[in-house]
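Visitor: Mind looking over this structure? Questions follow.
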Amino acid sequence: MSGGSAPASPPASSAPLVLRGRDLGPAPVVMAIVNRTDDSFYAGARQLDDAVALRAVERAAVEGAAIVDVGGVRAGVGPEVDAAEEVRRVVPFVARVREEFPDLLVSVDTWRAEVADAAAAAGADLVNDTWAGHDPRVAEVAGRHGVGLVCSHTGGAVPRTDPYRVAYPGDGLADPRDGVLRDVVATLRAAARRAVEAGVPAASVLVDPTHDFGKNTWHSLHLLRRTEALAGLGFPLLMALSRKDFVGESLGLPADERLEGTLAATAVAAWLGARVFRAHDVRETVRVLEMVAVVRGDLAPARATRGLA
């Protein structure tokens, strides 16, 4: 076996992340998922009941989440939820979380401008537009309220649709999946620029390759292994990996058995420069991120007495 020094780890993301004037610092951040629905793909995240949802927020805060992401509509195919119902599910809850958990940052997961507007007025700090600007007014709402915005990528897919025979220009060239990487980079760069032009502070713009949305499992895996290129866009990189189908298909497991696969993907993304991690399992994700930071040398061990005392 040849000698030589080990390869250096990729540089940690240096892009500032500031939401409503609060600087989150350089360390990775966990965004806890709170779904105000009764049909989310993962049964453990069905929190339509107010008491259940508030307990989920409290648990997330205790376990180390910096942000809670509140959504009122299942991302995939399902019963219709109109804007009025989405507002009813989300906005009063955002206001209550803002009042009862003042140290938590609150995100609203919506693609609708009217929902984003009402949630920001109720105290939300971030709009997580997982459907890639389907309603272009969402960026204007975020700019007007001075809140953050997550810019995402769906390859043109419209809200609440599942991918079918997805392909990207350039698929099959030097690397069979580099087409999706080029499309994601170009889309996120343009979306971030539009957000800043709409008045969103540059330090409050996040980018998300949006695994599974408008992508097959091969695409999502390729984007994970190319995390460093996505982190190089110059904005905090959000990874929403938790229990997703690409993890399940990789391991042949249902949603309730995908924790280990999710954590493995999380460690890879953290090592390669991702900054914010949207997660169902906060405690486990926090511990993985801390261990990655220690291995990288960004964080000292909690204690180091073995062989010294």
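Taken together, the values in this text are just the output of simple stated rules run on the coordinates, not laboratory data. Keep in mind the model is a prediction, meaning the values are calculated, not measured. Cβ: placed from backbone, ideal geometry, glycine included. Neighbour counts: every protein chain shown.
Visitor: Go through T305, T37, A132 and say which Cα lies farthest out towards the positive end of the charge dipole of the chain; charges sit on Cβ, +1 for Lys and Arg, -1 for Asp and Glu.
Guide: About the Cα centre, the residue reaching furthest to the positive side is T305.
Visitor: Right, something else. What dipole magnitude, in Debye to the nearest 20, does region 18-296 give about its Cα centre under +1 on Lys/Arg Cβ and -1 on Asp/Glu Cβ?
Guide: Details: 32 positive and 39 negative charges, 122 e Å.
Its charge dipole is roughly 580 debye.
Visitor: Can you tally the net charge around S242? Count Lys and Arg as +1, Asp and Glu as -1, for every other residue whose Cβ sits under 9 Å from the Cβ of S242. Walk me through the numbers on the way to the answer.
Guide: Working: positive: R243, K244, R258, R278; negative: D281.
My count for the surroundings of S242 gives +3.
Visitor: If you rank Y164, Y42 by fewest surrounding Cβ atoms within 10 Å, what's the result? If you can, show how the numbers build up before the last one.
Guide: On the way: Y164 8, Y42 16.
Exposure proxy ranking, most exposed first: Y164, Y42.
Visitor: Please sort 190-197, 179-186, 236-243 by packing, taking for each peptide the average over its residues of neighbouring beta carbons within 10 angstrom, highest first.
Guide: In descending order of packing, they fall as 236-243, 179-186, 190-197.
Visitor: Next question. What is the local net charge at A60, summed over the other residues whose Cβ is closer than 13 Å to its Cβ (Lys, Arg +1; Asp, Glu -1)?
Guide: On the way: positive: R55, R59, R278, R283; negative: E58, E63, D69, E100, D103, D281, E284.
Within the 13 Å Cβ shell, the charges total -3.
Visitor: Another question, then. Between V29 and residues 5 or more places away or on another chain, which pairs have amide H atoms under 5 Å apart, with H built 1.01 Å from N, and which residues are they?
Guide: Hits under the 5 Å cutoff: V276, F277.
Visitor: Which value in Å does the Kirkwood hydrodynamic radius of the chain take, with 1/r averaged over all unlike C-alpha pairs and then inverted?
Guide: 19.7
Visitor: Quick one: plug the Kirkwood hydrodynamic radius of region 186-309 (C-alpha pairs) into Stokes-Einstein at 25 °C, 0.890 mPa s, and report D in µm²/s.
Guide: 156
Visitor: Ranked from highest to lowest mean number of other Cβ atoms within 10 Å per residue, what is the order of the peptides 267-279, 49-61?
Guide: On the way: 267-279: 23.4, 49-61: 15.9.
With the highest mean Cβ count within 10 Å placed first, the list reads 267-279, 49-61.
Visitor: How do the peptides 141-154, 281-294 rank, highest first, by the average count of neighbouring beta carbon atoms within 10 Å per residue?
Guide: Ranking, from highest mean packing down: 141-154, 281-294.
Visitor: How far, in nm, would the chain grow between D39 and E99 when pulled straight, counting 0.36 nm per residue and subtracting the alpha carbon separation?
Guide: 18.9 nm
Visitor: I would also like to ask the following. Write down the percent of antiparallel bridges among all DSSP beta bridges whose residues are both part of region 18-296, to the nearest 5.
Guide: Numbers: 2 of 28 bridges.
Within region 18-296, antiparallel bridges account for around 5 percent of the total.
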